[in-house]
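My structure is below; once you've seen it, I'll send some questions.
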Amino acid sequence: MNKLIVLWALLTAGWAQAIEFPAADDLWLRAAPPGVKMMAAYVTLDNQTDAELSLVGVYAPDFGTAEIHRTVEVDGVFKMREQKSLPLAPQASITMEPGGLHLMLMMPKRSFAIGDEVRICLIYADAAGTEHVQHLDFPVKRQ
Ligand SMILES: [Cu+2]
């Protein structure tokens, strides 16, 4: 085999194909009183490509843990359920908002003031199962 082809194969084997991330709009982290151990963040994600994606995780450096949650009503009681994977089909969108889907951020490592920008990273899996991380900054807002 041509040596150049072998080299090319070696170089590309470990590289995840870059993807076009969904458009992220209306990002905000809901302000909370000091000492609160859980905060919620919201965003609208719009997959404007023809590629199948799934939102499979979230992390935030300023928090101990982060999960994707959906608020559901069960027998008149509101409960939050962790969502391990949310499909984001081509040209589809995911809307997170109070009372529905949200990013649940737990164990804050610092306090946040209105107007602060807080880094939150969304993890997507592509059709091949490869993960890609989208780094976003969420402004802290009262509502
Ligand atoms: Cu939650």
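None of the figures in this text is laboratory data; all of them are computed from the coordinates on show. As the structure is a prediction and not an experimental result, all values here were calculated from the model. With ideal geometry, Cβ positions are generated from the backbone for all residues, glycine too; neighbour counts draw on all protein chains shown.
Amide H neighbours of residue 138 under 5 Å, counting only residues 5+ apart in sequence or on other chains, H built in-plane at 1.01 Å?
Answer set, sorted by chain and number: 118, 119, 120.
Tell me, what ³J(HN,Hα) does each residue in the stretch 61-74 have, in order and in whole Hz, if you take phi through Karplus 6.51 cos²θ - 1.76 cosθ + 1.60 with θ = phi - 60° and put x for Gly and Pro?
x, 8, 10, x, 9, 8, 9, 8, 10, 10, 7, 10, 9, 10
Please list, in chain and number order, the residues 5+ apart from residue 52 or on another chain whose amide H is under 5 Å from its amide H, with Hs placed from the backbone.
127
Let me check I've understood the local charge: for residue 82, count other residues with C-beta under 12 angstrom from its C-beta, Lys and Arg +1, Asp and Glu -1. What total comes out?
Around residue 82, the surrounding residues sum to +3.
I would also like to ask the following. Helix 3-13: angle to the longest alpha-carbon principal axis of the chain, degrees 0 to 90, nearest 10?
That helix lies at roughly 10 degrees to the long axis.
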